[in-house]
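What follows is a set of notes on a single structure, which appears directly below.
FYI, it's all coordinate maths here, none of it is from the lab. The structure presented is a predicted model; accordingly, all values stated were derived computationally and were not measured. Counting neighbours? That spans all protein chains shown, and the Cβs are built from the backbone with ideal geometry, glycine included.
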Amino acid sequence: VVIELFGTRTDDILAMGCPLDLASLAPGRCAQTLFAGVKVLLYRRGDAVRLHVERPLAHWLLDWLRQAATSVEPGG
């Protein structure tokens, strides 16, 4: 499953779940890493970041991302 993230807080959300230095992930490059304890393939595509995750873990990871997004919202 591919999950695409974009917006002004994308890097903040990703930093919460990933030990990777996302600033060093140039467009056209990818990295396999643990994200929130789940193995993902992560890469930038334009202004977005895509996470490829195994189907059985996708729902859990989407819930995690929703909670993380809520916590980085102004006043959240």
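Counting 0.36 nm for each residue step from GLU54 to SER71 and taking away their Cα separation leaves a gain of 3.6 nm. Compute the Cα gyration tensor for the chain, then decide on rounded, prolate or oblate, letting a ≥ b ≥ c be the square roots of its eigenvalues: rounded whenever a/c is under 1.5, prolate when a/b is larger than b/c in the other cases, and oblate in all that remain. Oblate. Label positions at LEU41 and GLU4, each projected 7 Å from the Cα along the C-beta direction, are separated by 1.7 nm.
Think of each Lys and Arg Cβ as +1 and each Asp and Glu Cβ as -1; about the Cα centre, that makes the dipole of the chain roughly 240 debye.
The amide H of ARG45, built 1.01 Å from its N in the peptide plane, has ARG50 as neighbours under 5 Å, considering only residues 5 or more places off or on other chains.
With Cβ to Cβ distances under 12 Å as the rule, what net charge do the other residues near ARG44 carry (K, R +1; D, E -1)? Intermediate values should be presented prior to the final figure.
Values: positive: ARG29, ARG45, ARG50; negative: GLU4, ASP11, ASP47.
Neighbour charge sum, excluding ARG44 itself: 0.
Taking only DSSP H segments of four or more residues, each worth -39500 (n - 2.57), what value at 222 nm results for the chain once the sum is divided by all its residues, to the nearest 500 deg cm²/dmol?
Details: 2 runs with 26 residues, N = 76.
The per-residue figure over the chain is -11000 deg cm²/dmol.
Local charge for ALA58 was computed over the other residues whose Cβ lies under 14 Å away, with Lys and Arg +1 and Asp and Glu -1, and equals +1.
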